[in-house]
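The values are calculated or read from the model by the stated rules, or taken from the named source; none is laboratory data. For clarity, every value in this text was computed on a predicted model and none was experimentally measured. Because the Cβ atoms are built from the backbone with ideal geometry, glycine has one as well, and the counts that use them run over all protein chains shown.
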Amino acid sequence: MTYGFIGLGQMGAPMAGHLIDLGLIVYDTRPEAMAPLVEKGAQGAESPAAVTGPSRLVSIMVRDDEQVDDVVGEVLPAAAPGTVIAIHSTIRAETAVRLAERARPYGVEIVDAPVSGGYMGADAGTLAVMVGGTDAAFARCQEPFGTWANLVLHMGPVGAGTRTKLARNLLHFVAFTAAAEAQRLAEASGVSLRRLGRVVRHSDAVTGGPGAIMLRSTTAPLDREDPLHDIMRHVLALGEKDLSLALELAEELGVDTPLARLARERFAEGLGLPRPSGGQDE
């Protein structure tokens, strides 16, 4: 099989690089982006359609919904029946669903397959990829995706991959805002921000960070017989205490910490537990 890759930016170029030995044809609007891959053995194409003709799996990694629309519009007429088009760009979930409908008359399947792990993961081949599509399309993609990802998960039908990525990135960027809040508190306390950052990166690498508590299959309240109930109660006790201490310090120093206040207010519910009353479960 020949693999096609369209969009050779910061993420796309290293992802595509892992496919060269399998037979790769590439396209980017910038010839200079294609040149390093062509030098390593990939075939350069003159257009998205020229990528698609000989390829039965075409990956698209462009900027946004509009560019994805444009590229898919070019590749569909050139795609042979049975081709799978994988969209790695982070787009709206409904865009992927709409494009899957548009592709059906051509006998082409769309999968939305956004990735997580950044440039470093793309370069190392250690990305996570969240795939939305049919079982058959996922089976076609699983092995080639495994050249640049070491976590390849089928999340459900078309659109499910994108919904997963949006939820994952909600956590990511809200955490960045929380990090800024923590840095303001640390700075007002006279703490080195660079050393705080080293501590955070070290401990998150050990514990898994926020993902360490993402163990439940539902956000509904935990049953008292659930094995996770006592674990989450322990997390709640630690979190309530530490958030309260941090809020006390912030008040003393005159640092506004709205995310910390909201976190303490919603912490128990987020863990699947009732809010404490007098320090105990209701």
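How about region 95-117: which of its residues are closer than 13 Å to MET11 by Cα and in contact (Cβ under 8 Å) with a residue 40 or more places away in the chain?
Answer for region 95-117, where residues must be closer than 13 Å to MET11 by Cα and in contact (Cβ under 8 Å) with a residue 40 or more places away in the chain: PRO114, VAL115, SER116.
Pull up region 55-94, narrow it to residues that are in contact (Cβ under 8 Å) with a residue 60 or more places away in the chain, in contact with a helix residue (DSSP H, G or I) (Cβ under 6 Å, 6 or more places away or on another chain) and in a helix (DSSP H, G or I), then point me to the one that is nearest to LEU166 (Cα to Cα).
The selected residue is ALA93.
Take region 208-221 and flag every residue that is hydrophobic (A, V, I, L, M, F, W, C) and part of a helix (DSSP H, G or I).
Of everything in region 208-221, those that are hydrophobic (A, V, I, L, M, F, W, C) and part of a helix (DSSP H, G or I) turn out to be ALA212, ILE213.
Starting from residues that are of a type in the set (Asp, Glu) and buried (at least 18 other Cβ atoms within 10 Å of the Cβ), keep the ones in region 18-69 and report whichever is nearest to the chain's Cα centre (by Cα). Before the answer, list the steps.
From region 18-69, those of a type in the set (Asp, Glu) are 21, 28, 32, 39, 46, 64-66, 69; that's our starting set.
Going one step further and asking which of them are buried (at least 18 other Cβ atoms within 10 Å of the Cβ), we end up with 28, 65.
Numbers: ASP28: 23, ASP65: 16 Å.
It comes out as ASP65.
Counting only residues that are surrounded by 21 or more Cβ atoms within 10 Å (Cβ to Cβ) and not aromatic (Phe, Trp, Tyr), how many does region 1-17 have?
Matching residues across region 1-17 total 10.
Does region 75-108 hold any residues that are over 25 Å from the mean Cα position of the chain (by Cα), surrounded by 15 or more Cβ atoms within 10 Å (Cβ to Cβ) and of a type in the set (Gly, Ala, Ser), and which are they?
Answer for region 75-108, where residues must be over 25 Å from the mean Cα position of the chain (by Cα), surrounded by 15 or more Cβ atoms within 10 Å (Cβ to Cβ) and of a type in the set (Gly, Ala, Ser): ALA78, ALA79.
Assess whether ALA205 counts as being assigned to a helix (DSSP H, G or I), surrounded by 12 or more Cβ atoms within 10 Å (Cβ to Cβ) and under 18 Å from the mean Cα position of the chain (by Cα).
No: the conditions fail for ALA205.
Looking for whichever is at pLDDT 95 or above and under 13 Å from the mean Cα position of the chain (by Cα) here; the options are VAL131, VAL191. Which one fits?
Within the list VAL131, VAL191, the selection yields VAL131.
Checking GLY117 against (1) buried (at least 17 other Cβ atoms within 10 Å of the Cβ); (2) of a type in the set (Gly, Ala, Ser); (3) on the phi < 0 side of the Ramachandran plot, which test does it fail?
Only one criterion in (1) buried (at least 17 other Cβ atoms within 10 Å of the Cβ); (2) of a type in the set (Gly, Ala, Ser); (3) on the phi < 0 side of the Ramachandran plot is unmet by GLY117, namely (3).
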